[in-house]
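Asks: Sending over a structure as structure tokens; questions will come in a sec.
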Amino acid sequence: MEEKLTMDDYATELEASFRKVQEGDVLTGTVIGVSETEVTLDLKYYTEGIIRLEDYSEDPAFSIKEDVKLGEEVTATVLRPDDGQGHILLSRKAAADEMAWKKVAEYLENETVLDVKVGGVVNAGVIAYVEGLRGFIPASKLSLSYVENLEEFLNKEIQVRVITVDPEKKKLVLSAKEILREKAAQARREKISNVEVGLVTEGKVESIQPYGAFIDLGDGLSGLVHVSQISEKRIKTPDVVLKIGDTVKVKVIAIKDGKLSLSMKALNDVAAEEIREEKVVLPKTEELTTSLGDLFKNIKL
């Protein structure tokens, strides 16, 4: 015979369920309502859970209407078992914070490339959010070159990697520079793959070192003319012959490990070789004999 439950039994059950929910507990529920100020969760429990807008996300770009969808699951931490209206007051920020730090630590370990949007400009860098956490991108990590105006990056979407994670100090540092450097290196490798040894081209002297001069060949390519390949004459330093900004003609003499070795001296060797290969074209023996016969035939002795 099935035992009938009384109202006292239900009351006892509800009271027992209520006691199970304590401040700091982590609960997961399904979004069943979204308003301008709060999100309502079905916790499959004795009452619904409420997450206020200010307890949902730290991201200033967050939109409760656009970013929260009915039917999605949300994990949140209990702030109060009763908000005064019979609901469980929750905070997604508190629960998400711990999970977010674990996630960004994984991004750091795996060197994950992340797409972020720059949401603010601060002293010496910009701000972007990852997993709801505020991340700092130093100005020196935004570009391969010096960034004069940080405002140019505001609201811009860029790719970054996590380079520092410190949950205790709430410190999250991001960088775009390594990704940009890798892309530039890949683009350079692709361009170099189209260059062949023996190519003769022009470029501009972009820097001078004691061991040689770097020549800008355009299209992002550059190469080194070693001091021994600058002139046929023995010179101690490149600046004896070259200065920055000079336009010079060079020959590619080697390609190794993605680097171009150039030579100016080799062009003189080529010119000399071409001169040696020039030949005087003489008539064939038969043609020469005929011409002389015709000449003597017309001479009267």
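The values are calculated or read from the model by the stated rules, or taken from the named source; none is laboratory data. Worth saying up front: this structure is predicted, and the values here are computed from it rather than measured. Backbone-built Cβ (ideal geometry, glycine too); neighbour counts: all protein chains shown.
Asks: Run down LEU217, LEU172 and say which single residue is within 17 Å of VAL130 (Cα to Cα), in contact with a Gly (Cβ under 6 Å, 6 or more places away or on another chain), of a type in the set (A, V, I, L, M, F, W, C) and not in a loop (DSSP other than H, G, I, E, B). Steps first, please.
Replies: Values: LEU217 fails: within 17 Å of VAL130 (Cα to Cα).
Testing whether each residue is within 17 Å of VAL130 (Cα to Cα), in contact with a Gly (Cβ under 6 Å, 6 or more places away or on another chain), of a type in the set (A, V, I, L, M, F, W, C) and not in a loop (DSSP other than H, G, I, E, B) leaves just LEU172.
Asks: Quick one: how many residues across region 136-176 are under 18 Å from VAL104 (Cα atoms), at pLDDT below 95 and surrounded by 14 or more Cβ atoms within 10 Å (Cβ to Cβ)?
Replies: Counting residues in region 136-176 that are under 18 Å from VAL104 (Cα atoms), at pLDDT below 95 and surrounded by 14 or more Cβ atoms within 10 Å (Cβ to Cβ) gives 1.
Asks: Would region 71-81 turn up any residue that is among the small types (Gly, Ala, Ser), under 30 Å from GLY120 (Cβ atoms) and surrounded by 15 or more Cβ atoms within 10 Å (Cβ to Cβ)?
Replies: Within region 71-81, one or more residues are among the small types (Gly, Ala, Ser), under 30 Å from GLY120 (Cβ atoms) and surrounded by 15 or more Cβ atoms within 10 Å (Cβ to Cβ).
Asks: Go through region 91-120 and give me each residue that's touching a helix residue (DSSP H, G or I) at 6+ places or on another chain (Cβ under 7 Å) and under 25 Å from LYS20 (Cα atoms).
Replies: SER91, ARG92, LYS93
Asks: Among the residues of region 44-59 satisfying the criterion of being touching a helix residue (DSSP H, G or I) at 6+ places or on another chain (Cβ under 6 Å) and among the hydrophobic types (A, V, I, L, M, F, W, C), which is surrounded by the most Cβ atoms within 10 Å (Cβ to Cβ)?
Replies: Here the residue is ILE51.
Asks: Which pairs have Cβ atoms under 9 Å, sit 6 or more apart or on different chains, and link a residue in region 183-212 that is of a type in the set (Asp, Glu) to one that is exposed (fewer than 12 other Cβ atoms within 10 Å of the Cβ) and part of a loop (DSSP other than H, G, I, E, B)?
Replies: Close Cβ pairs satisfying both conditions: GLU206/GLY245.
Asks: Could I ask something else about it? Given the criteria in a loop (DSSP other than H, G, I, E, B), among the charged types (D, E, K, R) and modelled with pLDDT of 90 or more, does LYS243 qualify?
Replies: Criteria met by LYS243.
Asks: Mind checking which residues of region 99-120 are acidic (Asp, Glu) and in contact (Cβ under 8 Å) with a residue 40 or more places away in the chain?
Replies: Across region 99-120, the qualifying residues are GLU111, ASP115.
Asks: Being buried (at least 16 other Cβ atoms within 10 Å of the Cβ) and either without any contact (Cβ under 8 Å) to a residue 12 or more places away in the chain or not charged (D, E, K, R) (or both) is the requirement here; does ALA94 meet it?
Replies: no
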